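Written out below as structure tokens is the structure these notes cover.
The values are calculated or read from the model by the stated rules, or taken from the named source; none is laboratory data. Here the structure is a predicted model, which means the values were calculated and not measured. Cβ placement follows ideal geometry from the backbone for every residue including glycine, while neighbour counts extend to all protein chains displayed.
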Amino acid sequence: MVSDPHATTQEDYYPICDKGFYKEKTTGREFRFQYIPGLDYPIRYYYTPNYPLGTRPYKEEEIQKIARARAEVLDKYIKPTVLPVPTLTILNLQALQRGRTTGKISDIPFWHYTNDLNIHTINDDRPIPCSLQAYISGIEQDRLYLKTNVLKYIKPRYLDWVEAGGYTRYTDGTGPPFWIDLWSEEAIQLADFPDTDNHPRILLENEWKNQWHNWWLANKRAQNIKELEELGFTRNKLLRALENKKARAKAINILTNKGVTQEKIKNYLVFCKKRKTWEEKQEAIKEPEPLIKRLRRTNSGKF
């Protein structure tokens, strides 16, 4: 079951503190945007209370697209009979790793590092992957590189495999285990620079982070403005206090006499200074259009 991504606009929902989740203003229902391989847009998954519930069934054309994409995903994450021929750069990195450690990819206890990946091992006798930067930094940095960068690369692709039915097929004995080429140029490049990874799941996660940050700041600004107004202070008065020592001392004295703590006064002044800087930036730049809004408007091309 899937929701219609065109049913409501972004103004009808807002991010909440649970990672990746939003809440509809009118209904109070919580949902998250879910990437489905094969669809050109994310769908909404509603939780009532713990299980996904959609608002309409998949259309026939969507079912066909999803089926084709799932077959491609299952084929992509099967260990090939002959491993891909690496580039000279990758061969040199593998040689450096073999000279430093006897550890192999199949020795990595992925389940130990994160609860997000139900992977006990990846059947690969090549050395543990690293970048040149991680190699130069030493073995401790190498472990950190594995725990953070490499796992970030694996996670969204593993979830694609799970979504395509790979995990179910593996556990019931009808399919092979998950396998991914961690020595591919893409894997090394994106593990080195995770911020450049444009996998749809990562884009949706980043979109939520940005929206949550902006929403929290907006609410914090509104709360401070309300408190200041109740104290008889306009924002302009405090801005003048920031620019003039005499006005600053007078403002602090008035707020202190009203029972406002010194820490709270400091927070108000910091807030006004940051707000002024933020407003100046908004005048100078135009904020990019949100990802969900772009997808809703265009609804074309590969998501």
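Okay, residues lined up against (1) in the same structural domain as Asp18 (by TED's automatic domain parsing); (2) surrounded by 15 or more Cβ atoms within 10 Å (Cβ to Cβ); (3) modelled with pLDDT under 70; (4) not β-branched (Val, Ile, Thr):
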{"residue": "Trp208", "(1), (2), (3), (4)": "no, yes, no, yes"}
{"residue": "Trp216", "(1), (2), (3), (4)": "no, no, no, yes"}
{"residue": "Phe233", "(1), (2), (3), (4)": "no, yes, no, yes"}
{"residue": "Asn236", "(1), (2), (3), (4)": "no, no, yes, yes"}
{"residue": "Leu239", "(1), (2), (3), (4)": "no, yes, yes, yes"}
{"residue": "Asn244", "(1), (2), (3), (4)": "no, no, no, yes"}
{"residue": "Arg248", "(1), (2), (3), (4)": "no, yes, no, yes"}
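The residues of the stretch 75-101 that are assigned to a loop (DSSP other than H, G, I, E, B), of a type outside the set (A, V, I, L, M) and modelled with pLDDT of 80 or more, listed by number, are Tyr77, Lys79, Pro80, Thr81, Pro84, Pro86, Thr87.
Looking only at the stretch 155-206, residues that are small (Gly, Ala, Ser) and under 14 Å from Arg70 (Cβ atoms) come to 4 in all.
Every residue in the stretch 189-198 that is of a type outside the set (Gly, Ala, Ser), touching a helix residue (DSSP H, G or I) at 6+ places or on another chain (Cβ under 7 Å) and closer than 24 Å to Asp124 by Cα, please. Of everything in the stretch 189-198, those that are of a type outside the set (Gly, Ala, Ser), touching a helix residue (DSSP H, G or I) at 6+ places or on another chain (Cβ under 7 Å) and closer than 24 Å to Asp124 by Cα turn out to be Leu190, Asp192, Pro194, Asp197. What about Thr171, is it among the hydroxyl-bearing types (Ser, Thr, Tyr) and either in contact with a Lys or Arg (Cβ under 9 Å, 6 or more places away or on another chain) or under 24 Å from Phe33 (Cβ atoms) (or both)? Taking the combined requirement at face value, the residue does not satisfy it. Scanning the stretch 17-45 for residues that are touching a helix residue (DSSP H, G or I) at 6+ places or on another chain (Cβ under 8 Å) and either in the same structural domain as Lys209 (by TED's automatic domain parsing) or β-branched (Val, Ile, Thr) (or both) yields a count of 2. Residues that are in a helix (DSSP H, G or I), polar (S, T, N, Q) and within 23 Å of Arg44 (Cα to Cα) within the stretch 174-212 comprise Asn206, Asn210, Gln211, listed in sequence order.
Can you find even one residue in the stretch 157-167 that is on the phi < 0 side of the Ramachandran plot, of a type outside the set (Ser, Thr, Tyr) and in contact with a His (Cβ under 8 Å, 6 or more places away or on another chain)? Within the stretch 157-167, one or more residues are on the phi < 0 side of the Ramachandran plot, of a type outside the set (Ser, Thr, Tyr) and in contact with a His (Cβ under 8 Å, 6 or more places away or on another chain). Which members of the stretch 171-192 meet the condition of being free of Cβ contacts under 8 Å to residues at least 24 places away in the same chain and either closer than 21 Å to Pro84 by Cβ or surrounded by 16 or more Cβ atoms within 10 Å (Cβ to Cβ) (or both)? Passing the criteria: Glu186, Gln189. Does Tyr167 meet the test of being under 22 Å from the mean Cα position of the chain (by Cα) and hydroxyl-bearing (Ser, Thr, Tyr)? Here the answer is no, as Tyr167 does not meet what is asked.
Residues considered: Tyr35, Tyr14. Of these, the only one that is closer than 18 Å to Glu207 by Cα and modelled with pLDDT of 85 or more is Tyr35.
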